[in-house]
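To start, the structure itself, in structure tokens.
The values are calculated or read from the model by the stated rules, or taken from the named source; none is laboratory data. These figures come from a predicted structure and were not determined experimentally. Counting neighbours? That spans all protein chains shown, and the Cβs are built from the backbone with ideal geometry, glycine included. Protein only, heavy atoms only, side chains kept; ligands, DNA and RNA dropped before computing areas. Shrake-Rupley method; radii C 1.70, N 1.55, O 1.52, S 1.80 Å.
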There are 2 protein chains.
Amino acid sequence: MQARDIAIHIPTVTVNDPVAQAVRVMAVSRLPGLVVVDDRSRPWTVLPGTQVLRLAVPGSYQEDPALVRAIDEDHADRFWLELADRTVGDCAPRQPTKPVTVRSDATLLEVAALMARQHTPLVAVVDDAGVLVGAITLERLITSLAVFGADE
Amino acid sequence: MQARDIAIHIPTVTVNDPVAQAVRVMAVSRLPGLVVVDDRSRPWTVLPGTQVLRLAVPGSYQEDPALVRAIDEDHADRFWLELADRTVGDCAPRQPTKPVTVRSDATLLEVAALMARQHTPLVAVVDDAGVLVGAITLERLITSLAVFGADE
């Protein structure tokens, strides 16, 4: 099998979308991450779910466990409302990591090794022009591999 | 809300379980990772899904994209059968990272900040003796937060 055989269509976001919408897209579509695309549908970055969540955690809380422990339960439940209308671009790192992509003809081993090495449960599949044609989730990859394991 | 309010019961594995079984447990239960427990039900490590997958990728392929590209499609589909009966303990790092855990009374902000900082979509919830009492997935956390967002 090749990447194109197990790729699925997923909703994407851009740097101009609000962070709250990005989190909602991920939750509604039950995705383990998000592909952020530019205005020509090329991946700008691929965010693992934990890093989409990170966009929603105010900066002052991100690296300070003692401060976070001091926040009472009521406020802690509502932390992500502090973001209001901030966008993905506002909250993402200035220098995003190179998007994690594979070509349509990549093997499942290539996809697996890439996910393991880059710690990302979502990989974007792109065509020769770098345009997004689909995505592969960790769950989809494992389910596809299991098909082969079951035969032997 | 506190960690105990959104924690779910999840199947666990031990270092003596075969890697193939660990991957299967994760897939069947649709978990974003696994908690590896010791013989007293205390978390030994918490593995994000990509690092469970990593256990199944033979070491020679893990850091060598050029080698991986050279493997033909048929063999690539079956890479994980090479593991045969190797166990989680055989394939895990010798010095596993400290398990990512929270107490039952942790706030959702504490859980979110921890997931974001540690890049793990799964967090173990432990009691005062360090015994596993449940787990929180990224999806469960986001869904719980969304309840509050929808009200305002």
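Build a GNM of chain B with springs between Cα atoms under 10 Å: which of B:L55, B:L109, B:L67 gets the top mean-square fluctuation?
B:L67
Could you work out the mean projected area of the convex hull around the alpha carbons of segment B:53-138, in square nanometres to one decimal?
Projected area, direction-averaged: 7.7 nm².
Once phi is turned into ³J(HN,Hα) by the Karplus curve 6.51 cos²θ - 1.76 cosθ + 1.60 with θ = phi - 60°, what whole-Hz value does each residue of segment B:125-133 show in order, with x for glycine and proline?
My calculation for segment B:125-133 gives 9, 10, 8, 4, 8, x, 8, 5, 10 Hz in order.
Please list the non-local residues whose amide H lies under 5 Å from the amide H of A:L31, H modeled 1.01 Å from N, same-chain partners needing a gap of 5 or more.
none
With +1 on each Lys and Arg Cβ and -1 on each Asp and Glu Cβ, and nothing else charged, work out how big the dipole of segment B:1-96 is about its Cα centre, in Debye to the nearest 20.
480 debye
Please identify the GluC sites (Glu not before Pro) of segment B:1-106 that satisfy two criteria: DSSP loop assignment and at most 13 other Cβ atoms within 10 Å. Which are they?
B:E63
Given the peptides A:25-33, A:97-105, B:133-141, arrange them by the average over their residues of other C-beta atoms within 10 Å, most packed first.
In descending order of packing, they fall as B:133-141, A:25-33, A:97-105.
Helix-only mean residue ellipticity at 222 nm, chain A, DSSP H runs n ≥ 4 weighted -39,500 (n - 2.57), per residue, nearest 500. What is it?
When only DSSP H runs of four or more count, the value is -11000 deg cm²/dmol.
So for segment B:1-90, what are the equivalent ellipsoid semi-axes in whole Å, largest first, each being the square root of 5 times an eigenvalue of the Cα gyration tensor?
The three semi-axes for segment B:1-90 are 29, 14, 11 Å.
Provide the FRET efficiency to the nearest 0.05 for the B:D39-B:Q62 pair, computing r from the beta carbons and using R0 = 35 Å.
After rounding, the FRET efficiency stands at 0.75.
Return the long-range amide H neighbours of B:W44 (sequence gap of 5 or more, or a different chain), with a cut-off of under 5 Å between placed amide H atoms.
When sequence neighbours closer than 5 places are left aside, the close amide H contacts are B:V36, B:V37, B:D38.
What FRET efficiency comes out for the pair B:D5/A:A146, r = Cβ-Cβ distance, R0 = 25 Å, nearest 0.05?
With R0 = 25 Å, the Cβ-Cβ based efficiency is 0.15.
Of the options B:L55, B:Q118, B:A27, report the single residue whose Cα projects farthest towards the positive end of the charge dipole of chain B (beta-carbon charges: Lys, Arg +1; Asp, Glu -1).
The residue sitting farthest along the positive end of the dipole is B:Q118.
How big is the protein assembly as shown by Rg and Dmax over its Cα atoms, in Å?
That works out to 19.1, 55 Å for Rg and Dmax.
Return the single residue from A:V131, A:V68, A:V52 with maximal mean-square fluctuation; model: Gaussian network over chain A, springs between Cα atoms under 10 Å.
Highest fluctuation among the options: A:V68.
By accessible area of protein heavy atoms, probe 1.4 Å, what ranking do A:H75, A:H119, B:H9 get, highest first?
B:H9, A:H75, A:H119
Which cross-chain or sequence-distant (5 or more) residues have an amide H under 5 Å from the amide H of B:V133, H modelled 1.01 Å from N in plane?
B:V125, B:V126, B:D127
Return the sequence-ordered ³J(HN,Hα) values of segment A:4-12 in whole Hz as given by the Karplus equation 6.51 cos²θ - 1.76 cosθ + 1.60 applied to θ = phi - 60°, using x for Gly and Pro.
Going residue by residue, I get 4, 6, 10, 5, 10, 7, 10, x, 10 Hz, with x marking Gly and Pro.
Where the eigenvalues come from the Cα gyration tensor of chain A, what are the semi-axes √(5λ) of the equivalent ellipsoid, largest first, in whole Å?
Here the semi-axes work out to 31, 18, 13 Å.
Can you tell which of A:Q21, A:Q95, A:Q51 shows the greatest fluctuation in a Gaussian network model of chain A with Cα springs below 10 Å?
A:Q95
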